[in-house]
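The values are calculated or read from the model by the stated rules, or taken from the named source; none is laboratory data. This one's a predicted model, so the numbers in the text were calculated from it and none came from an experiment. A quick note on method: Cβ atoms are made from the backbone with ideal geometry, for glycine too, and the neighbour counts reach across all protein chains shown.
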Ligand SMILES: [Zn+2]
Ligand SMILES: [Zn+2]
């Protein structure tokens, strides 16, 4: 599918402006002119129940997009679910005007510039224990980080949960224990912890607000979780201007699939609420029936600096939260360094064991 390419021309020199994390506005890389991006406040959330009947329409669809670079005229293919990139030939920012059924409503714009992100990454690599020395060299040769806006679904829900279970209160009982000490059998008294169980039931309620679930398939959720939480207050209404010069992806997982993930998270929070409500020293939950209401969702983009490096034939990825600089990454270990430390520990241990002998050798 051919898509139109959006571009933001500099009012002073006509060059293409890019989003600048440092200024949080559009910036002309040639003449330095900047232009504010105005924010609007109307943000409608989707009603979840109503949207479920439109599931098929809202589900992610793979579309092969291509667009013509407004500067060099070359045709550029977009990767699956990508809607913004830079021209492969002249590096011009390309933002496609095509969106799936649900457009992002909000965006958290980049605030950490690439230079700062690179410094954060170098510090992180430097702080890793047992990282191979060559790793720093691999990272130094990395020219560019990928600045990418990732798709998320954010869910709201109110919940009321009736539960039944058991409350366990600990008490101690003195019991006689037979023991054999030095071949002689003795009876000793001992305190044993026991639990008195009483049946309980009750109701807990909790409201969830903006629970984020990644809608991307490329970056592992376990890595993403480590750069959370996402700041939700500074989010802006989505505008293409924030994307100019960056990569951006559309949702590759539907809101309905992601809602099941959200329900799992909400249920584990509710379970903790129930345990607190039951009290006592131990709790058992026999049944819990959460009833969710007022469920809403919104499609939002979050900023991530990322790259992956190859080290000894394996791919490692790392991420930096583009708003607050939190880092997460996969890392190789240097087995040589670990083996070195283990042999040093063994050496110290055996030195301690032979301490008397060593003292004798040195004449102490
Ligand atoms: Zn300009
Ligand atoms: Zn081009």
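Based on this model, can you work out whether residue 122 counts as within 24 Å of residue 48 (Cα to Cα), surrounded by fewer than 17 Cβ atoms within 10 Å (Cβ to Cβ), modelled with pLDDT of 75 or more and under 22 Å from the mean Cα position of the chain (by Cα)? It is false that residue 122 is within 24 Å of residue 48 (Cα to Cα), surrounded by fewer than 17 Cβ atoms within 10 Å (Cβ to Cβ), modelled with pLDDT of 75 or more and under 22 Å from the mean Cα position of the chain (by Cα).
Condition check ((1) in contact (Cβ under 8 Å) with a residue 12 or more places away in the chain; (2) over 28 Å from the mean Cα position of the chain (by Cα); (3) away from ligand 2 (no atom under 16 Å from the Cβ)) across all residues:
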{"position": "60", "(1), (2), (3)": "yes, no, yes"}
{"position": "72", "(1), (2), (3)": "yes, yes, no"}
{"position": "92", "(1), (2), (3)": "yes, yes, no"}
{"position": "95", "(1), (2), (3)": "yes, no, no"}
{"position": "102", "(1), (2), (3)": "yes, no, yes"}
{"position": "106", "(1), (2), (3)": "yes, no, yes"}
{"position": "110", "(1), (2), (3)": "yes, no, yes"}
{"position": "113", "(1), (2), (3)": "yes, no, yes"}
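Taking the numbered list (1) within 23 Å of residue 210 (Cα to Cα); (2) in a loop (DSSP other than H, G, I, E, B) in turn, residue 51 passes all entries but (2). Does region 319-326 contain at least one residue that is touching a strand residue (DSSP E or B) at 6+ places or on another chain (Cβ under 8 Å), more than 16 Å from residue 223 (Cβ to Cβ) and either in the same structural domain as residue 102 (by TED's automatic domain parsing) or in contact (Cβ under 8 Å) with a residue 12 or more places away in the chain (or both)? Yes, because at least one residue in region 319-326 is touching a strand residue (DSSP E or B) at 6+ places or on another chain (Cβ under 8 Å), more than 16 Å from residue 223 (Cβ to Cβ) and either in the same structural domain as residue 102 (by TED's automatic domain parsing) or in contact (Cβ under 8 Å) with a residue 12 or more places away in the chain (or both). Number of residues in region 274-299 that are surrounded by fewer than 21 Cβ atoms within 10 Å (Cβ to Cβ) and touching a helix residue (DSSP H, G or I) at 6+ places or on another chain (Cβ under 7 Å): the value is 5. Consider residue 45 carefully, then state whether it is within 16 Å of ligand 1 (Cβ to nearest atom), within 19 Å of residue 239 (Cα to Cα) and in the same structural domain as residue 236 (by TED's automatic domain parsing). Criteria not met by residue 45.
Residue 232 meets all of the listed conditions (1) in a loop (DSSP other than H, G, I, E, B); (2) surrounded by 16 or more Cβ atoms within 10 Å (Cβ to Cβ) but one, namely (2). I'd like to check something: does region 51-71 contain any residue that is over 20 Å from residue 249 (Cα atoms), away from ligand 1 (no atom under 16 Å from the Cβ), assigned by TED's automatic domain parsing to the domain that holds residue 327 and crowded, with 18+ Cβ neighbours inside 10 Å? Looking through region 51-71, at least one residue is over 20 Å from residue 249 (Cα atoms), away from ligand 1 (no atom under 16 Å from the Cβ), assigned by TED's automatic domain parsing to the domain that holds residue 327 and crowded, with 18+ Cβ neighbours inside 10 Å.
Checked against the criterion of being part of a strand (DSSP E or B), surrounded by 11 or more Cβ atoms within 10 Å (Cβ to Cβ) and without any contact (Cβ under 8 Å) to a residue 24 or more places away in the chain, the candidates 190, 271 yield just one match: 190. Residues of region 12-40 that are away from ligand 2 (no atom under 16 Å from the Cβ) and in contact with a strand residue (DSSP E or B) (Cβ under 7 Å, 6 or more places away or on another chain): 19, 20, 23, 25, 26, 27, 34, 35, 36, 37, 39, 40. Residue 88 meets all of the listed conditions (1) at pLDDT 85 or above; (2) surrounded by fewer than 16 Cβ atoms within 10 Å (Cβ to Cβ); (3) not assigned by TED's automatic domain parsing to the domain that holds residue 325 but one, namely (3). Take the conditions surrounded by 10 or more Cβ atoms within 10 Å (Cβ to Cβ), within 30 Å of residue 23 (Cβ to Cβ) and modelled with pLDDT of 80 or more and apply them to residue 320. Does it pass? In short, yes.
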